[in-house]
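Bear in mind these aren't lab numbers, they're just calculated from the coordinates by the rules spelled out. Because the structure is predicted, anything quoted here is derived from the model rather than measured. Neighbour counts are summed over all protein chains in view; Cβ atoms, including those assigned to glycine, are modelled from backbone coordinates with ideal geometry.
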There are 2 protein chains.
Amino acid sequence: MRTSEGVEWGLHCCLTLAWVGGADPVPSARLAAMFELSPTYLNKVLQRLTRAGLLTSAPGPRGGVRLARAPERITVMDVVAAVEGPDPLFSCAEIRQRGAGAEGAAVREFARPCGVSTAMRRAELAWRRELSAQTVADLAAGTPAASVARIRANYARLAGSSV
Amino acid sequence: MRTSEGVEWGLHCCLTLAWVGGADPVPSARLAAMFELSPTYLNKVLQRLTRAGLLTSAPGPRGGVRLARAPERITVMDVVAAVEGPDPLFSCAEIRQRGAGAEGAAVREFARPCGVSTAMRRAELAWRRELSAQTVADLAAGTPAASVARIRANYARLAGSSV
């Protein structure tokens, strides 16, 4: 019960694209080199972000990815949902309706959601609400200026060496 | 990235124990029959709840489990943490410190937590806070009286048939 490492990768890539991405697409191999990530696995993460409409992908030898919209309009929730998929944290199998305990129950009794499920979903909603309240632009704004300058310089060097 | 089905099982078992458990321990096979669960896998869940101090376990042919403390003092978070373990939802691999992007960074730069990690943990804290605000007693209080009466009657029948 953990977010995959792809969530961290996806968020850092969106941040990097916010800082260095202009009109030119950023090759996924270069993003992988920025963080020493597996290019193959990073490609899968970037594909998920692209399918979710957070990135646009340009094919070809000079291709790559860029943000599909402004960092202000990409929430942390968007990235988590793109990488992890839409399934809820808690999935309810309605065991209350099964077995000896449920014998003789009226069907209408189960029309009302189970308290267990309601409690779990209430917590999940709080989690989603916090993730939705923070954008890639917020993360960028919270990063020290010196770090951003270093990342941009390192990126430029990498681009110059044609990675 | 999902809670295991053991979370639902554990919460429903705690609720059942709150309703039917008196001084006598409840055999795990009987709890399994109440919800038509795998006795083997349910045993693992009950062991986790016992290790976490939420249940006490009595050995022997007339043994079983009971709540280790009042339902008011067992939170949903307690049960989730017992079943899922203490790991956070989001585990940060600090990829910001790796690769070409981190070259030339001062070590002190990374003393401050990563914004990505902070954002994820803030959401997780909201999730934990909601789970901690709800107890087994709250879940019990939210259950319709007719359901509780039925569960108690079904449990008594099962106990009478010596399951």
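Of all residues in the range A:27-47, one or more are under 25 Å from A:Ser91 (Cβ atoms) and within 10 Å of the chain's Cα centre (by Cα). Can you find a residue in the range B:62-72 that is closer than 15 Å to B:Arg128 by Cα and in contact with a strand residue (DSSP E or B) (Cβ under 8 Å, 6 or more places away or on another chain)? Within the range B:62-72, not a single residue is closer than 15 Å to B:Arg128 by Cα and in contact with a strand residue (DSSP E or B) (Cβ under 8 Å, 6 or more places away or on another chain). Filtering B:Arg73, B:Arg69, B:Arg62, B:Arg48 for residues that are among the charged types (D, E, K, R) and farther than 21 Å from A:Ala119 by Cα leaves a single hit, B:Arg62. Total residues in the range A:38-74 satisfying the condition of being assigned to a strand (DSSP E or B), surrounded by fewer than 20 Cβ atoms within 10 Å (Cβ to Cβ) and of a type in the set (Val, Ile, Thr): the figure is 1. Checked against (1) facing chain A (nearest Cβ under 10 Å); (2) of a type outside the set (Asp, Glu); (3) over 27 Å from A:Met120 (Cα atoms), B:Ala111 passes all but a single condition, namely (1). The requirement of being among the hydrophobic types (A, V, I, L, M, F, W, C) and either under 15 Å from A:Ala123 (Cα atoms) or in contact with a strand residue (DSSP E or B) (Cβ under 7 Å, 6 or more places away or on another chain) (or both) is fulfilled nowhere in the range B:150-163; no residue meets it. Say whether the condition of being small (Gly, Ala, Ser), more than 7 Å from chain B (Cβ to nearest Cβ) and farther than 18 Å from B:Ala145 by Cβ is met by at least one residue in the range A:116-126. Scanning the range A:116-126 turns up at least one residue that is small (Gly, Ala, Ser), more than 7 Å from chain B (Cβ to nearest Cβ) and farther than 18 Å from B:Ala145 by Cβ. Exactly one residue out of A:Thr135, A:Thr143 is under 30 Å from A:Met34 (Cα atoms), among the β-branched types (Val, Ile, Thr) and facing chain B (nearest Cβ under 7 Å): that is A:Thr143.
Those helices (runs of 4 or more DSSP H) of the range B:79-163 in which 2 or more residues are over 29 Å from B:Asn43 (Cα atoms) occupy B:115-132.
Counting the residues of the range A:80-108 that are more than 7 Å from chain B (Cβ to nearest Cβ), of a type in the set (Val, Ile, Thr) and surrounded by 13 or more Cβ atoms within 10 Å (Cβ to Cβ) gives 2. Could you look through the range B:1-37, keep only residues that are of a type in the set (A, V, I, L, M, F, W, C) and not in a helix (DSSP H, G or I), and pick out the one that is surrounded by the fewest Cβ atoms within 10 Å (Cβ to Cβ)? Filtering first and then ranking leaves B:Ala23.
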